[in-house]
Amino acid sequence: MKRSEQIWLVTGASSGLGRDIAQAVLEKGGRVVATARNPGDLDGIVAQSGGNAIALPLDVTVPEQISAAIEAAEDHFGSIDVLVNNAGYGYLHSVEEADEQAVRRMFEVNFFGLANTTRAVLPGMRARRRGWIVNISSMVGRVAMPCSGYYSASKFAVEGLSMSLRAEVEPLGIGVTSIQPGPIRTDFSGRSLVTGESWADDYDATVGVGIRFSRDMNGQQSGDPVLCARAIVDAVDAPNPPRQLVLGQMSNDMISEEIEKERAELVQWREAGLPTDFRES
């Protein structure tokens, strides 16, 4: 059976990319466990699914809700074959001036919520010796920019977790793909984006420009969420799915440029770093 025809659990499915992923799976004949903090927002998906979707409450920062959602999903459909960790939001400010509690709240969703949901589905996937985990990261999980320091840190953490997890579970028949989109025309730059309201004058040409750009981009992002969702489902359905899927021109360009810079600097400073190992006498 194609993975797209299996049972998918999608977090943060009430709107945006998560909702479009759920729809794309249903279009391909799969079944969906759509989750959101307010499951009433998912009524439209369920009503149009012909019995192939259920809606469950899930706040990924509440461990008890994670356990309850996984149990309810497996009771209803028998298994969870693909997990899409989509729930998340952005917080933009300078590294110096950011509010620590705001940063911690974001990490609870973007990283710890993702990690805990992943941990909850793994026992079932290991028992069945199959499954796929899709982690929605970002281009700023590969390229950090002014004002994105803490948001980037949460996504860099997702990338590191994904890489290590992949090495641990691939021998067990379980795959992991991280998704690195550029700006997608969802409400991410609207209600899903928290920004600092003011910053030091010294940071206006960096942090200020970045925050204003992100705010002004709302509704003008270049990425089509429907096409992004279909690309994700198609990639997971492929015979050899990618470890990382970069979506959109901006993301491809910026990540490619960053890789070239890193490669050039690695070569430039290779001779400075090599002599630091212990030498055999």
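The values are calculated or read from the model by the stated rules, or taken from the named source; none is laboratory data. Note that the structure is predicted; figures quoted are calculated from it, not measured. Because the Cβ atoms are built from the backbone with ideal geometry, glycine has one as well, and the counts that use them run over all protein chains shown.
Overview of values
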| quantity | calculated |
| --- | --- |
| Meets criteria (in contact with a Lys or Arg (Cβ under 9 Å, 6 or more places away or on another chain) and either in a loop (DSSP other than H, G, I, E, B) or touching a residue at least 24 places away in the same chain (Cβ under 8 Å) (or both)) for Ala98 | no |
| Segment 242-281, subset assigned to a helix (DSSP H, G or I) and of a type in the set (Asp, Glu), residue farthest from the chain's Cα centre (by Cα) | Glu271 |
| Filter pass, Arg191 being at pLDDT below 90, of a type in the set (D, E, K, R) and either in contact with a Cys (Cβ under 7 Å, 6 or more places away or on another chain) or surrounded by 13 or more Cβ atoms within 10 Å (Cβ to Cβ) (or both) | no |
| The one condition in (1) in contact with a strand residue (DSSP E or B) (Cβ under 7 Å, 6 or more places away or on another chain); (2) assigned to a helix (DSSP H, G or I); (3) not aromatic (Phe, Trp, Tyr) that Asn135 fails to fulfil | (2) |
| In segment 105-117, the residues that are aromatic (Phe, Trp, Tyr) and either over 15 Å from Ala157 (Cβ atoms) or in contact with a helix residue (DSSP H, G or I) (Cβ under 6 Å, 6 or more places away or on another chain) (or both) | Phe107, Phe111 |
| Of the criteria (1) modelled with pLDDT under 95; (2) surrounded by fewer than 19 Cβ atoms within 10 Å (Cβ to Cβ); (3) closer than 25 Å to Asp20 by Cβ, which one Gly90 fails | (2) |
| Total residues in segment 221-249, condition of a type outside the set (Gly, Ala, Ser), over 15 Å from Ser137 (Cα atoms) and surrounded by 10 or more Cβ atoms within 10 Å (Cβ to Cβ) | 11 |
| Residue count for segment 20-79, restricted to those that are under 18 Å from the mean Cα position of the chain (by Cα) and acidic (Asp, Glu) | 2 |
| Search result, residues across segment 205-241 that are hydroxyl-bearing (Ser, Thr, Tyr), assigned to a helix (DSSP H, G or I) and in contact with a strand residue (DSSP E or B) (Cβ under 9 Å, 6 or more places away or on another chain) | Ser214 |
| The listed residue being touching a helix residue (DSSP H, G or I) at 6+ places or on another chain (Cβ under 9 Å), surrounded by fewer than 24 Cβ atoms within 10 Å (Cβ to Cβ) and more than 30 Å from Ser198 (Cα to Cα), out of Ala98, Ala102, Ala120, Ala127 | Ala120 |
| Condition check for Ser67: hydroxyl-bearing (Ser, Thr, Tyr) and surrounded by fewer than 16 Cβ atoms within 10 Å (Cβ to Cβ) | yes |
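Each row is one residue, and each column tells you yes or no for (1) crowded, with 22+ Cβ neighbours inside 10 Å; (2) closer than 17 Å to Leu114 by Cβ.
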position: Met1; (1), (2): no, no
position: Glu5; (1), (2): no, no
position: Thr11; (1), (2): yes, yes
position: Gly18; (1), (2): yes, yes
position: Ala22; (1), (2): yes, no
position: Glu27; (1), (2): no, no
position: Ile45; (1), (2): yes, no
